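Here is the structure we will look at, set down as structure tokens.
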Amino acid sequence: MSDTEPKTVSPTRRDALKTLAVGAGAVAALPMWARFAQAQSSAPIRIGFQKHATGIGAAYGRWYDRTTQAAVKLINEQGGINGRPVEIVTEDDGTDPKRGAEVVEKFATQLNCDIAYGTLFSHVVVGSAPRAAELKLPYFVVSEGHHVASGMLNRWVLQPGITDVKSQVRAMAPFITARLGRRVTMIYPDYGFGYDHRDNLEPAIVEQGGQVLAKIAIPPTETSFTKYFAQIPRDTEVVYHVMVGPAVLTFVKEMGEFFGANGPQIFGFIDSLEAVDMTSPGLEFLEGSYFWEGMPRYAQPDVNRFDADYRAAVGVGPDGTALGDPRDVATYGHMFGCWETLFTIKDGMEYAGYRGPQDRQALVEAVEAMTIMPHSPQHPQGAKVFNGKTHQVFGPQYISQMAGGKLNTIHIAPIEDTFYPDEVDYTRQPF
């Protein structure tokens with residue numbers, strides 16, 4: 001967005017962003033007691049963090065946690081929320097939908113949390129959301145699934161910090177058909193996240209004059225994949241893959257062995273290789289292939305100050321690995337959503353004058369009123385537009401190419417490429 005475009009959604013948000021961007025140093029210079037002295041209550045705001053500490057999402061959970069802790073540290077250094085400190089209350093959901101619902105209930109009934117936050121995997125979100133509605137607990141998810149904007153959930157569930165699959169694939173389709181080929185075969189995991197790709201890529205490809213020849217679903221527990229590659233039609237020009245889980249390295253290696261040097265073009269979502277070293281043995285065949293990234297893992301030559309400051313705050317070096325441990329690869333393409341969601345929660349609580357659970361509905365309504373989210377320290381991935389009706393944020397999308405064992409950004413799809421007609425209006429639903 002240009003500097004002439006609107007940069008706020010309300011006077012309260014304008015004041016908050018000004019304080020964050022300009023006055024952070026002055027606030028941080030205050031002693032801790034003084035930062036929270038003006039609050040009506042000194043009790044902390046408790047945010048229940050539903051963490052994938054174990055199970056298929058553990059790598060994401062580790063970095064979602066680090067990002068969460070870094071964001072809350074900065075929020076507290078800058079005075080907290082409404083003058084109150086923020087406290088993260090973490091529970092492991094095992095990346096399991098049944099356990100996820102139990103964690104949401106525990107946040108509301110046992111741990112005295114103001115809100116629930118942080119869930120990534122789609123099946124866990126879908127399994128947890130009904131309980132959040134029953135408990136009237138605001139549930140801020142960081143999952144990129146289309147389940148929020150599709151209308152299948154409820155008014156208590158919001159996704160204001162990361163874009164959804166439908167918007168992502170709509171932005172990818174023009175690049176795929178124009179640069180790589182029009183005959184596409186999809187390979188995706190056999191659960192909710194994969195279904196989002198299955199259901200939304202094909203119409204986007206067809207809209208660009210292309211064709212999806214085959215859709216190959218792979219169970220999330222699968223450990224060997226060669227038998228699936230044999231199902232790919234011979235006239236396929238592009239293999240589109242989006243696999244997630246501990247076996248993804250095996251998946252990518254076996255795909256390379258199957259195709260050799262003369263296979264179709266490869267376009268993947270970075271989900272397949274989040275937390276994986278791109279120079280790992282067996283990934284050589286990905287040289288020259290393409291990936292969607294939510295936020296570029298490798299610091300680009302023209303890196304902006306917001307990315308640089310965020311990268312330092314979460315402890316990630318320019319190569320996308322943990323500072324001091326090059327073996328620990330960040331889930332950089334997704335974890336920014338935690339940072340941005342927490343700052344959106346802060347803005348919403350301040351706009352709503354949030355005091356406690358009695359103001360949960362006001363918080364949801366305050367976030368629903370948001371629209372423009374400027375590129376800023378609070379939104380380092382890029383400027384965004386929030387749709388209060390669908391509870392979904394829209395933002396830029398990045399396409400990177402593998403070259404020399406690293407990912408180089410070659411195309412940034414603007415926000416306008418990601419829009420689609422509303423499928424729900426949550427603001428018309430009762431609380």
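The values are calculated or read from the model by the stated rules, or taken from the named source; none is laboratory data. These numbers come from a predicted model, not from an experiment. Because the Cβ atoms are built from the backbone with ideal geometry, glycine has one as well, and the counts that use them run over all protein chains shown. Calculation scope for accessible area: heavy atoms of the full protein, side chains included, ligands and nucleic acids excluded. Shrake-Rupley method; radii C 1.70, N 1.55, O 1.52, S 1.80 Å.
Here are the numbers for this structure:
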| quantity | calculated |
| --- | --- |
| Spatial extent of the range 127-191: Rg and Dmax, with the Cα atoms as the point set, Å | 15.6, 48 |
| Relative contact order (%) - the range 109-261, alpha-carbon pairs under 8 angstrom, separation at least six | 19 percent |
| Cα gyration tensor shape of the chain, rounded if a/c is under 1.5, else prolate or oblate by comparing a/b with b/c | prolate |
| For the range 47-116 versus the range 165-179, the gap between their alpha-carbon centres in whole angstrom | 32 Å |
| Qualifying trypsin sites (Lys or Arg not before Pro) in the range 83-120, DSSP loop, other Cβ atoms within 10 Å at most 16 | none |
| Whole-Hz ³J(HN,Hα) from phi, Karplus 6.51 cos²θ - 1.76 cosθ + 1.60, for the range 348-357, glycine and proline x | x, 5, 6, 5, 7, x, 4, 10, x, x |
| Residue-normalised accessible area of the range 115-204, expressed per residue, 1.4 Å probe, Å² | 23 Å² |
| Coarse-grained scattering of the range 335-388 at q = 0.19, 0.23, 0.25, 0.29 Å⁻¹, given as base-10 log I(q)/I(0) from a Debye sum over alpha-carbon atoms | -0.63, -0.86, -0.97, -1.14 |
| Most mobile of A171, A71, A362 in a GNM of the chain (Cα contacts under 10 Å) | A362 |
| Helix axis angle, 11-22 relative to the chain longest principal axis, alpha carbon, degrees | 80 degrees |
| Charge sum, other residues only, whose C-beta stays under 9 Å from Y420's C-beta, Lys/Arg counted +1 and Asp/Glu -1 | 0 |
| Estimated 222 nm signal from helices in the chain, with DSSP H stretches of n ≥ 4 weighted -39500 (n - 2.57), rounded to 500 | -10500 deg cm²/dmol |
| Å² per residue, accessible surface of the range 338-419 at 1.4 Å | 29 Å² |
| Relative packing of 293-299, 238-244, which averages over residues the other C-beta atoms within 10 Å, highest first | 238-244, 293-299 |
| Among N387, N304, N262: highest mean-square fluctuation, GNM of the chain, C-alpha pairs under 10 Å | N262 |
| Computed magnitude of the charge dipole of the chain (debye, nearest 20; Cβ of K, R +1, Cβ of D, E -1) | 620 debye |
| Whether the range 37-115 is rounded, prolate or oblate, judged on the alpha carbon gyration tensor where a/c under 1.5 counts as rounded | oblate |
| Nearby lysines by direct alpha-carbon distance to K166 (threshold 20 angstrom, same-chain neighbours under 8 apart not counted) | K215, K384, K389 |
| Chymotrypsin sites (Phe, Trp or Tyr not before Pro) restricted to the range 300-340 and DSSP loop, no more than 16 other C-beta within 10 Å | none |
| Share of carbon and sulfur in the accessible heavy-atom surface of the chain [1.4 Å probe, %] | 51 percent |
